[in-house]
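See structure below.
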Amino acid sequence: MRVYPAIDLMSGKAVRLYKGKKESVKVYGDPVEIAKDFAKLVDKIHIVDLDGAFEGKPNNLDVMRRIIEETGLKIQVGGGFRDYESIVKAYSIGVENVIIGTKAFDLEFLEKVTQDFEGITVSLDARGGRIAVKGWEEESSITVEEAYEMLKKYINRFIYTAIERDGTLMGIEKINRFWDGEEVIYAGGVSSVSDVLKLREIGFSGAIVGKALYEGKVTLEELLNVLGD
């Protein structure tokens, strides 16, 4: 199991939101400097382009390019990847995985991008067991399980995001395994060593950790040590 430290980007700065709400933003500083610290311990991080998520088109690719060039980190990134050109741009700067959410349910689009690019990842962003789209501002009638069944023929790498836990430090959401052999990474509320151990026990292949690191609730060293990394 892997730990992915997270950097959420807004207007070029590293920030965190509370439950994904853009009016509840807290700024943490220069994302490149934060990435340099992460690079001392891991080789891959998770980035969310929040401007992209809310506006429908990624807006912080220059920051991501700097992170890649100045740290050597691998990056998985989501937020506003709703057209083919945006995905091309992300891969052209060296991103390893582009994460799509809203646009994943356009199956014709999903089939094309998974054929054309390696590492496409789908984020199943859930509130109350149902998928939320367009920067988490709209809730659909599709359940997580239904979404997974619909998409698994195209994709083998998913992120499950518990929106109501994101940025809360409340600990992980109670969840039962709904997938088969695919790679599924958990995000939302991870704030302790015990959270990560529970996720490993459920069968998640990774955990995304953000605010808990910034607020000093747990250190990256502690999480890596308990996982034997």
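Worth pointing out:
- Beyond 23 Å, the tail of the calculated P(r) for segment 110-229 holds 32 percent of the Cα pairs.
- HN-Hα J in Hz across segment 213-221 - Karplus 6.51, -1.76, 1.60, θ = phi - 60°, x for Gly and Pro: 6, 5, 8, x, 6, 7, 9, 4, 4
- Calculated SAXS-style log₁₀ I(q)/I(0) at q = 0.12, 0.19, 0.23, 0.24 Å⁻¹ - segment 158-229, Debye, Cα scatterers: -0.28, -0.70, -1.02, -1.10
- Residue separation of E70 and E55 scaled by 0.36 nm, minus their Cα-Cα distance, works out to 2.7 nm of gained length.
- Annotation: amide H of L124 within the under-5 Å range of I159, Y160, T161, sequence separation 5 or more or interchain, hydrogens built in the peptide plane.
- Options [x] 137; [y] 108; [z] 153 - which one matches volume of the Cα convex hull per residue in Å³ as calculated here: [y]
- Centre separation in Å (Cα based) which lies between segment 148-191 and segment 65-98: 21 Å
- Relative contact order computed over the chain (Cα-Cα under 8 Å; 6+ residues apart), in percent: 18 percent
- Computed over protein heavy atoms with a 1.4 angstrom probe, the accessible surface ordering of Y28, Y18, largest first, is Y18, Y28.
- Taking every alpha-carbon pair under 8 Å whose residues sit at least 6 apart, segment 15-64 reaches a relative contact order of 21 percent.
- Heavy-atom accessible surface of segment 88-211: percent carbon and sulfur, 1.4 Å: 44 percent
- Cα-only Debye scattering, segment 32-158: base-10 log of I(q)/I(0) at q = 0.15 Å⁻¹: -0.69
- Annotation: per residue accessible area for the chain equals 44 Å², rounded to a whole number [probe 1.4 Å, protein chains only].
The values are calculated or read from the model by the stated rules, or taken from the named source; none is laboratory data. This is a predicted model, so every value here is computed, not measured. Accessible surface areas use protein heavy atoms only, side chains included; no ligands, DNA or RNA. Shrake-Rupley method; radii C 1.70, N 1.55, O 1.52, S 1.80 Å.
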